[in-house]
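First comes the structure, then the notes that go with it.
The values are calculated or read from the model by the stated rules, or taken from the named source; none is laboratory data. Note that the structure is a prediction, hence the values are computed from the model and not measured. Backbone-built Cβ (ideal geometry, glycine too); neighbour counts: all protein chains shown. In case anyone asks, the SASA skips ligands and DNA or RNA and just uses the protein heavy atoms, side chains included. Shrake-Rupley method; radii C 1.70, N 1.55, O 1.52, S 1.80 Å.
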Amino acid sequence: MRARITGTGSYAPARIMTNADLEGLVATSDEWIRERTGIRERHIAATGEACSDLAVQAGKRALAAAGVAPADLDMILVATCTGDYPLPATACLVQYQLGATKAAACDLAAACCGFVYALSVADAYVRTGMKHVLVIGSEVMSAITDWTDRNTCVLFGDGAGAAVISASDGERGILSTHLRSDGALCDLIAVPAGGSRQPASEKVVGERLQYIKMKGNETFKVAVRSLEEIARETLAANQLTIDALDLYVPHQANMRILNAVSDRLGLPKEKIMLNLDRYGNTSAASIPIALDEAVRAGRVKDGSLVMLGAFGAGLTWASALIRW
Ligand code: ACO
C-alpha cells in the first residue's frame, strides 16, 4: 500500500503588495528586491482574514480535485507557524468549517518545512491504515512581519496550499520522505516573543519582539548546503540520479538560493517549479502552492517523478520523492 497525492489546491488572499508598495514603507527598491531575491509581489491577507480562512479555501479545492468528501477524511494536518490562536489548533477550525466529522485534527510546526514534514506524517498514517488525510500548509506571515524592518518585510507573503493523501495500490505515490533538523542554529530565524519564554507584554510590543527576525546571510549559506545534501540523500535512497527527475518543487525563499542549488545538483532550470516572483516566501504554504500550480499547469503528469525540497527555521530541512 502506498500513499498517493490524489488532489491539490491553493488559495491566496486578493490583495497584492508590489515591491513598489514596499518602497513607500522602508528604505528599499524594486531593483534590490528583484535582484537579491527574485520577488516582484506577494499576497497579503485582509484585516481579519486568518490562517484557517486561507486553509479552508485551499482544502476545499484539494478535496474537489481529489473527489473526496470532507466526511471521508481520517485526519487533517495544518502546517503553520502563524495559526489563528496559540490554542486551539488551527486544524480544528478547518475541520469544523469543512464538516470533516470523523477527522482527527492537529497542527504541525516546522516553519517552512511544515508541509513536507506533515506530508511524511500523512504518508506513515496512510500506509498503516488511514484512507484519506488532508495536509495543508497555511500562513499569514504578514501578521508576524515587522513592516519597519527592510531585512525581512520584503521577503514574506500570505497563502495556503493543500493536498489530499489517499491510500492506493500500485507503483504511484510517495516513494520516500527525508526529514532533518539542527536546533543549534535556532537563532538564525526566530520570533523571539509571544511564547512561554517571553509571553506577550507591553515591553515585548515596545521592542517589536513579536515579529520574525532573521540572519539572512548566514541562513542563505546553510540553505544552499542543506537543500543540496537532502536532494542527494533522497536520490541515493531511491537509487536514482538527478536526470531521472521530471520536476523539482522547492521552498520558494530566494531565487539565488535555488540557482545555486540547481547548479550544484546539475539540474536544468526548466525542471524547477518557480513562483516566488508572485508569492514571496509563504513558509509552509510555499511548496503546496507551487505544487498545485505545477499540477494545474500540466507540468506534473501521471508517472512524473517529482521531488519536493524544503528549508526553514529550526533549523529544519526536508524532502519527498513522489511518483505522480
Ligand atoms: N533593501 C535594500 N537593501 C537591503 C534590504 C532591502 N530590503 N535588506 C537588506 N539590505 C542591505 C543590508 O542592510 C546590507 O547593507 P550593508 O552592506 O550596508 O550592511 C546589504 O543589503 C546586503 O545585505 P545581506 O543580508 O548581506 O544581503 P543578502 O544578499 O544576503 O540578501 C536575503 C538578503 C535576501 C535576506 C538573503 O540573505 C536570503 O534570502 N536569505 C535566506 C532566507 C531564507 O531562506 N530563509 C529561510 C526560510 S524563512 C522561514 O523559515 C520562516
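How many percent of DSSP beta bridges within the chain run antiparallel, rounded to 5? Bridges in the chain that DSSP calls antiparallel: roughly 70 percent.
The base-10 log of I(q)/I(0) for the chain, evaluated at q = 0.12 Å⁻¹, reads -0.76 [Debye formula, identical scatterers on Cα atoms, solvent excluded].
How high is the FRET efficiency from Arg197 to Thr47, r the C-beta distance, R0 30 Å, rounded to 0.05?
With a Förster radius of 30 Å, E is 0.55.
At the residue level, Leu93 shows approximately 50 square angstrom of accessible surface with a 1.4 angstrom probe and all protein chains present.
Starting from the Cα-Cα distance between Trp32 and Arg127, subtract it from 0.36 nm times their residue separation and give me the gain in nm to one decimal.
Gain on stretching Trp32 to Arg127: 29.6 nm.
Using the Karplus relation 6.51 cos²θ - 1.76 cosθ + 1.60 with θ = phi - 60°, the per-residue 3J(HN,Hα) values for region 139-149 come to 9, 10, 5, 4, 6, 10, 8, 8, 6, 10, 10 Hz, with x marking Gly and Pro. A probe of 1.4 angstrom, applied to the heavy atoms of all protein chains, finds Ile16 with accessible area near 80 square angstrom. When the chain is treated as a GNM with alpha-carbon contacts under 10 Å, the residue of Thr241, Thr219, Thr37 showing the greatest mean-square fluctuation is Thr241. Taking the chain as a Gaussian network of alpha-carbon nodes connected by springs under 10 Å, the highest mean-square fluctuation of the residues Thr145, Thr47, Thr28 belongs to Thr47.
Computed from label points 7 Å out along Cα-Cβ, the spacing between Asp243 and Arg180 is 2.6 nm. Over all other residues within a Cβ to Cβ distance under 13 Å of Ala223, the charged ones net out to +2, with Lys and Arg as +1 and Asp and Glu as -1. Considering only Glu270, Glu35, Glu228, the mean-square fluctuation computed in a Gaussian network model of the chain, springs between alpha carbons under 10 angstrom, is largest for Glu270. Per atom type, region 29-110 shows carbon and sulfur on 52% of its accessible surface, probed at 1.4 Å.
Each DSSP beta bridge with both residues in region 175-323 is either parallel or antiparallel, and the antiparallel ones are about 75%.
Given H placed 1.01 Å from N in the peptide plane, which residues other than close sequence neighbours of Ala200 have an amide H under 5 Å from its amide H? For Ala200, the qualifying residues are Gly194.
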